Protein chains: 2
Amino acid sequence: MNNKDKMRFKETFVRYIEEKGMRHTKQREAIVDAFFSAGRHITAEELFNAVKGKNPEIGYATVQRNLNLLCESGLTEEIKIGKQKTRYEQKYGSRHHDHLICIKCGRLIEVNDEKIEKLQDKLAKANNFIPIKHKLEIYGICSACGKS
Amino acid sequence: MNNKDKMRFKETFVRYIEEKGMRHTKQREAIVDAFFSAGRHITAEELFNAVKGKNPEIGYATVQRNLNLLCESGLTEEIKIGKQKTRYEQKYGSRHHDHLICIKCGRLIEVNDEKIEKLQDKLAKANNFIPIKHKLEIYGICSACGKS
DNA sequence: AACGATAATGATTTTTATTATCATTAATCT
DNA sequence: AGATTAATGATAATAAAAATCATTATCGTT
């Protein structure tokens, strides 16, 4: 995700915050910034530690709360895999994608298939179901783990 | 799921138990039986209450443990949706299927599309990924909720 | 059928992630 | 600047699932 996307992401979030009559704070800013410097699929705890580097006074609850806010705004999404703790993935600037999940090393590979997307919509409609979003996870062995 | 399937399911489970050097107990029997009488997507708590009807002395931990065993054996699968508590779905005798999930009423609709299945395998292989299983969940509004 | 080894049970505690509480702080409006 | 009230941070509460452990029950062996 490039810098332009980051700016847009932050602007979108600020707009969301303002629309809900919420306030802009140093902590929110720090959390959103750290969210980008960190890896694509981060846990609340990891993000907390990352933010603490520059803002030692930050509280865990604040990080958790703001991650929840980001999710509510639709800019971010929770990823839950098996017994792992919830990870957060930012959605802005990245097209929708599905995940290949390695059951050996836990690697997440982002993939997309337009045909599958279309067939999913068709499948939903055939059941008089209005599709809003979907989640496709394929579990298996990644190329690295397949060699050993 | 008919009675024949139930018998096969139980036999398969017994075989699994024996292979692992585990023992057959009244509680296991009662839990597996209740698992069938109950709905298709049941929580550990619901199953516990169901079993307690006929076996008041059953412990919660025993139900949980045996559900975990069923999952390990592959006969049963966990379904986690949003913040809901884990539900368990028996897999034996029912072909693989995906889920349409109504975000209004929570209804689970089981669906299947052979074309999607094949494209998924293709997608995985294009990434040098060996697919083992997958999970497709389409969230949206079901026909009943769409009317109101 | 009784014995012994040990798996399973059931009551309870622990763990772990997330949410709620609440006094204090700080952002925003007038 | 002052008032209002949202946000924070420390902590407690929740809740689901897993771990612990003394007791019970299963099952192969005799």
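What ranking, highest mean first, results for peptides B:136-143, A:71-78 when packing means the other Cβ atoms within 10 Å averaged over each residue?
B:136-143, A:71-78
Summarise the partner chain shielding of B:134-146 as one whole number: the mean count of Cβ atoms from other chains within 10 Å of each residue's Cβ.
Other-chain Cβ atoms within 10 Å of each residue's Cβ, averaged: 6.
Considering only the other residues whose Cβ falls under 14 Å of the Cβ of A:Gly59, what net charge follows from Lys and Arg at +1 and Asp and Glu at -1?
In short, +2.
Rounded to the nearest 20 Debye, what is the dipole magnitude of the range A:14-80 about its Cα centre when Lys and Arg each give +1 and Asp and Glu each give -1 at the C-beta?
It comes to approximately 140 debye.
Picking from A:Val51, A:Phe9, A:Val32, whose Cα lies most toward the positive end of the charge dipole for the range A:1-52 (charges on Cβ: Lys, Arg +1; Asp, Glu -1)?
A:Phe9
What's the average, rounded to a whole number, of partner chain beta-carbon atoms within 10 Å of each residue's beta-carbon in A:117-124? Don't skip to the end; give the middle numbers.
Working: counts 2, 1, 6, 7, 2, 3, 9, 8.
Rounded to a whole number, the mean comes out at 5.
Suppose R0 equals 45 Å. What FRET efficiency, 1/(1 + (r/R0)^6) with r the Cβ-Cβ distance, do A:Lys52 and B:Asn3 give to the nearest 0.05?
0.15
Of A:Gln90, A:Thr76, A:Ile103, which is farthest along the charge dipole of the range A:49-109 in the positive direction, counting Lys and Arg as +1 and Asp and Glu as -1 at C-beta?
A:Ile103
Which angle between 0 and 90 degrees, to the nearest 10, do you get for helix A:114-126 versus the longest principal axis of chain A when only C-alpha atoms count?
80 degrees
List the GluC sites (Glu not before Pro) within the range A:32-68 that DSSP assigns to loop and that have no more than 11 neighbouring Cβ atoms inside 10 Å.
When the GluC sites (Glu not before Pro) of the range A:32-68 are filtered for loop state and at most 11 Cβ neighbours within 10 Å, A:Glu57 remain.
Can you tally the net charge around B:Ser143? Count Lys and Arg as +1, Asp and Glu as -1, for every other residue whose Cβ sits under 13 Å from the Cβ of B:Ser143. Walk me through the numbers on the way to the answer.
Working: positive: A:Lys125, B:Lys104, B:Arg107, B:Lys147; negative: none.
Computed value for this residue: +4.
Around A:Ile116, what is the net charge, scoring Lys/Arg as +1 and Asp/Glu as -1 over all other residues with Cβ under 13 Å from its Cβ?
Around A:Ile116, the charge tally is -4.
Let me know the charge dipole size of the protein assembly as shown about its Cα centre in debye, to the nearest 20, where only the beta-carbon of Lys, Arg (+1) and Asp, Glu (-1) is charged.
Dipole size: approximately 40 debye.
With each label point set 7 Å from Cα along the Cα-Cβ vector, what nm distance links B:Arg40 and B:Asn128?
Going by the 7 Å Cα→Cβ label model, 4.0 nm.
Report, for the range A:13-148, the % of DSSP beta bridges that are antiparallel, rounded to 5.
70 percent
Under unit Cβ charges (Lys, Arg +1; Asp, Glu -1), what dipole magnitude, rounded to 20 debye, does the range B:57-144 have relative to its Cα centre? Provide the component values of the computation, followed by the final result.
On the way: 15 positive and 12 negative charges, 51 e Å.
My answer is approximately 240 debye.
Using the Karplus curve 6.51 cos²θ - 1.76 cosθ + 1.60 with θ = phi - 60°, work out ³J(HN,Hα) for each residue of the range A:54-63 in order, rounded to whole Hz, and write x for Gly and Pro.
Once rounded to whole Hz, the list reads 9, 10, x, 8, 5, x, 4, 4, 5, 5.
Determine, for each peptide in B:16-25, B:119-128, the mean count of other beta carbons within 10 angstrom over its residues, then list the peptides with the highest first.
The peptides rank, most packed first, as B:119-128, B:16-25.
No value in this document is a laboratory result; all are computed from the given coordinates. The structure displayed is predicted, hence computed values, not measured ones. Using ideal geometry, Cβ is built from the backbone for each residue, glycine included, and neighbour counts are taken over all protein chains shown.
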